[in-house]
Amino acid sequence: MNHQVRVRDIVNELECEVAAGAGWLDNQVSFGYSSDLLSDVMAGAGQGDVWVTVQIHQNIVAVASLTGVSAIIVAGGANPAHETVLKADEEGIPLLTTAKPSFEVSGMLYLMGIRGRVKK
Amino acid sequence: MRLEYHVVGRDFQAAGGAAAKIKRTLRQIGIDAETARRVGIVAYEAEMNIVIHAYRGTVGIDILPERVNIYADDEGPGISDIALAMQVGYSTAPEDIREMGFGAGLGLPNMKRYSDELEVESQVGSGTSIRAVINLPTKEGS
Ligand SMILES: Nc1ncnc2c1ncn2[C@@H]1O[C@H](COP(=O)(O)OP(=O)(O)OP(=O)(O)O)[C@@H](O)[C@H]1O
Ligand SMILES: [Mg+2]
């Protein structure tokens, strides 16, 4: 495990915008997962993971809440759809956005001590 | 105890809602997080397959003392080769839906992986039925 990274630390370190779920920035981060294929995220992401994606439509919130991720980071400067923001607030999932591309975001998370989940 | 939800083809706004409610209810009645998560994943993939590939259907669960039964029944085109559909990467999802991140061909493999038993039955031109079983952990925690 990493030294107790919280979503708030990621917001600060990566200078992300918080588009939704601002009340849940104290969520603890366990591992990281980067993917834009929703069923791949369902298979691979786990409780507490920070999930990096370029998808912005509202179904990412369902995927996030079912897998129990601690936050979604929308990379590459895409703007989440309005319904996505509403749903993320409703479900209590931090939705962070950044202009940095996925690769950059994942690298910065790694440098913060966040590792990929080893598949069982 | 039974929960059942209607699912409408191509309704991406409601999509995932049935699985989310199922998972939430399981947690509320005291089912452990890992089991609720597995049921949620199987129900989600079944629900999304109705949204993406079928016209309409129902997704539900029966909660029994020792297991959770998940079922999904739809009216739709059906699946002609189930063994092929079960393979990782096989998908007939159209391009516009792939752009949303669906169509990796991982849904049925996920259902298989996260359930203890899975049955897929289908009639081409009529519809598809999914039956999955997830056993509850034994009290001793084994
Ligand atoms: N309910 C269904 N009705 C008709 N065809 C289905 C149904 N469920 C699955 N299929 C067929 O089986 C294929 C594989 O399904 P699977 O869920 O594994 O992948 P997918 O839905 O295409 O992509 P993903 O689930 O990764 O988003 C589908 O592309 C489709 O051809
Ligand atoms: Mg699918």
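The per residue volume of the convex hull around the alpha-carbon atoms of the range A:35-120 is 82 Å³.
Distance between the modelled labels on A:Ala81 and B:Glu119, one decimal in nanometres: 3.6 nm (7 Å Cα→Cβ projection). Cα extents for the protein assembly as shown along the principal axes, largest to smallest and rounded to whole angstrom: 52, 48, 30. The B:Leu3 and B:Arg98 beta-carbon pair, evaluated with R₀ = 25 Å, returns a calculated FRET efficiency of approximately 0.25. Proximity of backbone amide H atoms, modeled 1.01 Å from N, is registered between B:Ser115 and no other residue at under 5 Å, excluding neighbours fewer than 5 places apart on the same chain. Taken residue by residue and averaged, Cβ atoms of other chains lying within 10 Å of the Cβ of A:43-50 number 2.
Residues whose amide H falls under 5 Å from that of B:Tyr55, counting only those 5 or more places apart or on a different chain, are B:Glu75, B:Gly76, with hydrogens built in the peptide plane.
Across the protein chains, with a 1.4 Å probe defining accessible surface, the residues A:His82, B:His6, B:His53 rank B:His6, A:His82, B:His53 from largest area downward. Shown in residue order for the range B:63-71 are the 3J(HN,Hα) couplings computed by the Karplus curve 6.51 cos²θ - 1.76 cosθ + 1.60 at θ = phi - 60°: 9, 10, x, 10, 7, 10, 9, 10, 9 Hz (x for Gly and Pro). Pairs of lysines in the protein assembly as shown whose Cα atoms sit within less than 24 Å of one another amount to 11, provided the residues are eight or more positions apart or on different chains.
Here B:Asp81 and A:Glu104 are evaluated by their C-beta separation; at R0 = 35 Å the FRET efficiency comes out at 0.25.
Based on every Cα atom in chain B, Rg and the maximum pairwise Cα distance Dmax equal 14.7, 48 Å.
The values are calculated or read from the model by the stated rules, or taken from the named source; none is laboratory data. What you see is a predicted model, and the numbers here were worked out from it, not measured in a lab. Cβ: placed from backbone, ideal geometry, glycine included. Neighbour counts: every protein chain shown. The protein model used for the area step is the full one, side chains on, heavy atoms only, and it has no ligands, DNA or RNA in it. Shrake-Rupley method; radii C 1.70, N 1.55, O 1.52, S 1.80 Å.
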